[in-house]
């Protein structure tokens, strides 16, 4: 599936058009009907995809340089409104793809131009090559090799961005030129730490998050006025808090207070910094977990300041569905996907809202898209399997269960799905075995380590499928805190058998936003 088809799919269902399946050009489910297939529209002449630059350094740790240069070029070119620039998440799927067939790659990415290149560091020197190619013909439009000191990376980045913008869009207007030449810091060493931090932050693991904090701190010691690094530092604190990561020597409350202080300091000095407002909005969920006071407004400010900030649109959508504003949440996720059509996490979270609304087909279409863009993602396959079970598609659920079992062999989730499948098939022997395992496991686990987004859709669903109603209620009652996040997951369809129970109703009331 191309990036364009994902955007088209989401736009169509949001506009209440007919329910479409994105796998065929006319929107019909496979097999595609030949008589309805129409040729894809030609890509815009001012469209371009910057492919990830190759790291040719002997040290593989220098990959952050090649990735950082690529992503910064995408960001700079994206500031030019008359250019159509493919997002970072879209081109990530084509990492290391050689330009042996630029026409096919151009059609897949729906662009007229392709940018490729390489980075090699040797001692204190950089050798950067960059090339702009017309996709349909493979003809080189522009190319250059830069032999510069490492400290000249920012200057080279500006030169390449200007050459690409002129090659794709023609003569640059003065405002376009100004937006391309702005640099975030005058310190080349601070910028190097910033790129290292971005590389680590994208990995979203606990060691990487800890490393990103160190890199952003190092950047700010070299340039205390480096607002982009400070905003990323604040957002890294927010992610550490949101993902429950332990940062050595920093208590949870201190992570929150540090993040809020850094975000506030950036906003004071640079009030138009979208990332700082995004970090503030994310952190405010944890400062007041009962009401999310100020979180929604801060995230709204972030997307108003920078409508291209897909991460901010995503976080805004997440807060909105916790607060029960489902339509606004879907609209925010739609904006994130318009900017970055291949955002796996956004495709998945947008499906949450649709599944709660019992809009099975639309949710399945988004989750089908998620496994297309991230075929090795256990998260995407697990939610696709959940949607299959909710929609009653048992045959495909059994098929997907095998994939989930392979991807999550060390996780309880395949067992939980197996319990539900056994109950659906009325396989009493399998149900008895699964019940014994499930009772033992739920007696020993700490429910709050798993969180409401695992408990309500997966654990409670398996318990209810096996007739363990009382145990399902006890598990839900163990969840803390009683906040809007729990309130959203209590709306999950698998909780339907409990809705008339006073204990469940009390949970719902205690979890409403205040």
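If a residue counts only when it is touching a helix residue (DSSP H, G or I) at 6+ places or on another chain (Cβ under 8 Å) and either at pLDDT 95 or above or more than 25 Å from residue 179 (Cα to Cα) (or both), which helices (runs of 4 or more DSSP H) contained entirely in the range 63-145 have at least 3 such residues? Full working, then the answer.
Details: elements: 63-78, 88-92, 102-109.
Passing ranges, in order: 63-78.
Determine if the range 197-206 includes at least one residue that is at pLDDT below 95 and either in a helix (DSSP H, G or I) or assigned by TED's automatic domain parsing to the domain that holds residue 480 (or both). So far as the range 197-206 goes, yes, one or more of its residues are at pLDDT below 95 and either in a helix (DSSP H, G or I) or assigned by TED's automatic domain parsing to the domain that holds residue 480 (or both). The helices (runs of 4 or more DSSP H) located wholly in the range 421-514 that include 3 or more residues which are modelled with pLDDT of 95 or more occupy 428-444, 460-465, 469-477, 484-489, 502-510. Tell me, yes or no, whether the range 391-398 has at least one residue that is assigned to a helix (DSSP H, G or I) and without any contact (Cβ under 8 Å) to a residue 12 or more places away in the chain. Yes: one or more hits.
With a cut-off of at least 1 residues that are surrounded by fewer than 24 Cβ atoms within 10 Å (Cβ to Cβ), without any contact (Cβ under 8 Å) to a residue 60 or more places away in the chain and not assigned by TED's automatic domain parsing to the domain that holds residue 211, name the helices (runs of 4 or more DSSP H) lying wholly within the range 245-321.
Numbers: elements: 252-269, 274-287, 295-305.
Correct list: 295-305.
Return yes when residue 424 is surrounded by fewer than 20 Cβ atoms within 10 Å (Cβ to Cβ), under 21 Å from residue 496 (Cα atoms), within 24 Å of the chain's Cα centre (by Cα) and in contact (Cβ under 8 Å) with a residue 12 or more places away in the chain and no when it is not. Break it down stepwise before answering.
Details: surrounded by fewer than 20 Cβ atoms within 10 Å (Cβ to Cβ): yes; under 21 Å from residue 496 (Cα atoms): yes; within 24 Å of the chain's Cα centre (by Cα): no; in contact (Cβ under 8 Å) with a residue 12 or more places away in the chain: yes.
Answer is no for this residue.
Evaluation of residue 429 against the conditions (1) in contact (Cβ under 8 Å) with a residue 60 or more places away in the chain; (2) farther than 25 Å from residue 355 by Cβ shows that the sole unmet condition is (1).
For residue 51, indicate whether it is within 22 Å of residue 370 (Cα to Cα), within 28 Å of the chain's Cα centre (by Cα), assigned by TED's automatic domain parsing to the domain that holds residue 165 and at pLDDT 50 or above.
yes
Apart from one condition, residue 430 fits all of (1) closer than 26 Å to residue 345 by Cβ; (2) touching a helix residue (DSSP H, G or I) at 6+ places or on another chain (Cβ under 7 Å); the exception is (1).
Within this structure, residue 155 passes the test of being farther than 27 Å from residue 45 by Cβ and in contact with a strand residue (DSSP E or B) (Cβ under 9 Å, 6 or more places away or on another chain).
The residue that is surrounded by the fewest Cβ atoms within 10 Å (Cβ to Cβ), counting only those in the range 322-332 that are free of Cβ contacts under 8 Å to residues at least 40 places away in the same chain and in a helix (DSSP H, G or I), is 327. Scanning the range 345-364 for residues that are surrounded by fewer than 24 Cβ atoms within 10 Å (Cβ to Cβ), touching a residue at least 40 places away in the same chain (Cβ under 8 Å) and closer than 27 Å to residue 84 by Cβ yields a total of 1. For the range 481-510, filtering for residues that are closer than 24 Å to residue 317 by Cβ and either in contact with a strand residue (DSSP E or B) (Cβ under 7 Å, 6 or more places away or on another chain) or in contact (Cβ under 8 Å) with a residue 24 or more places away in the chain (or both) leaves 15. For the range 70-93, filtered to residues that are touching a residue at least 60 places away in the same chain (Cβ under 8 Å) and touching a strand residue (DSSP E or B) at 6+ places or on another chain (Cβ under 6 Å), the residue that is nearest to residue 343 (Cα to Cα) is 86. The number of residues in the range 370-394 being over 17 Å from residue 413 (Cβ atoms) and either modelled with pLDDT of 95 or more or surrounded by fewer than 18 Cβ atoms within 10 Å (Cβ to Cβ) (or both) comes to 5. Checking the structure you have, find out if any residue of the range 364-377 is within 28 Å of residue 471 (Cα to Cα) and part of a helix (DSSP H, G or I). Checking the range 364-377: not a single residue is within 28 Å of residue 471 (Cα to Cα) and part of a helix (DSSP H, G or I). The residues of the range 258-298 that are closer than 26 Å to residue 226 by Cβ and modelled with pLDDT under 95, listed by number, are 286, 287. Out of 220, 233, 213, one residue alone is in the same structural domain as residue 263 (by TED's automatic domain parsing), farther than 18 Å from residue 250 by Cα and modelled with pLDDT of 95 or more. It is 220.
Could you say whether any residue in the range 218-225 is surrounded by fewer than 23 Cβ atoms within 10 Å (Cβ to Cβ) and under 12 Å from residue 283 (Cβ atoms)?
Step one: list which residues in the range 218-225 are surrounded by fewer than 23 Cβ atoms within 10 Å (Cβ to Cβ), which gives 218, 220-225.
Still in the running and under 12 Å from residue 283 (Cβ atoms): none.
For the range 218-225, residues surrounded by fewer than 23 Cβ atoms within 10 Å (Cβ to Cβ) and under 12 Å from residue 283 (Cβ atoms): absent.
Within the span defined as the range 168-180, one or more residues are buried (at least 18 other Cβ atoms within 10 Å of the Cβ) and either in contact with a strand residue (DSSP E or B) (Cβ under 8 Å, 6 or more places away or on another chain) or free of Cβ contacts under 8 Å to residues at least 40 places away in the same chain (or both). Mind checking whether some residue in the range 146-164 is outside any helix (DSSP H, G or I), modelled with pLDDT of 95 or more, surrounded by 16 or more Cβ atoms within 10 Å (Cβ to Cβ) and under 28 Å from the mean Cα position of the chain (by Cα)? No, the range 146-164 contains no residue that is outside any helix (DSSP H, G or I), modelled with pLDDT of 95 or more, surrounded by 16 or more Cβ atoms within 10 Å (Cβ to Cβ) and under 28 Å from the mean Cα position of the chain (by Cα). For the criterion of being part of a helix (DSSP H, G or I), touching a helix residue (DSSP H, G or I) at 6+ places or on another chain (Cβ under 8 Å), modelled with pLDDT under 95 and more than 18 Å from residue 71 (Cβ to Cβ), residue 241 passes.
The values are calculated or read from the model by the stated rules, or taken from the named source; none is laboratory data. Since the structure is predicted, the reported quantities are computational estimates derived from the model, not experimental observations. Neighbour counts run over all protein chains shown; Cβ positions are idealised from the backbone, glycine included.
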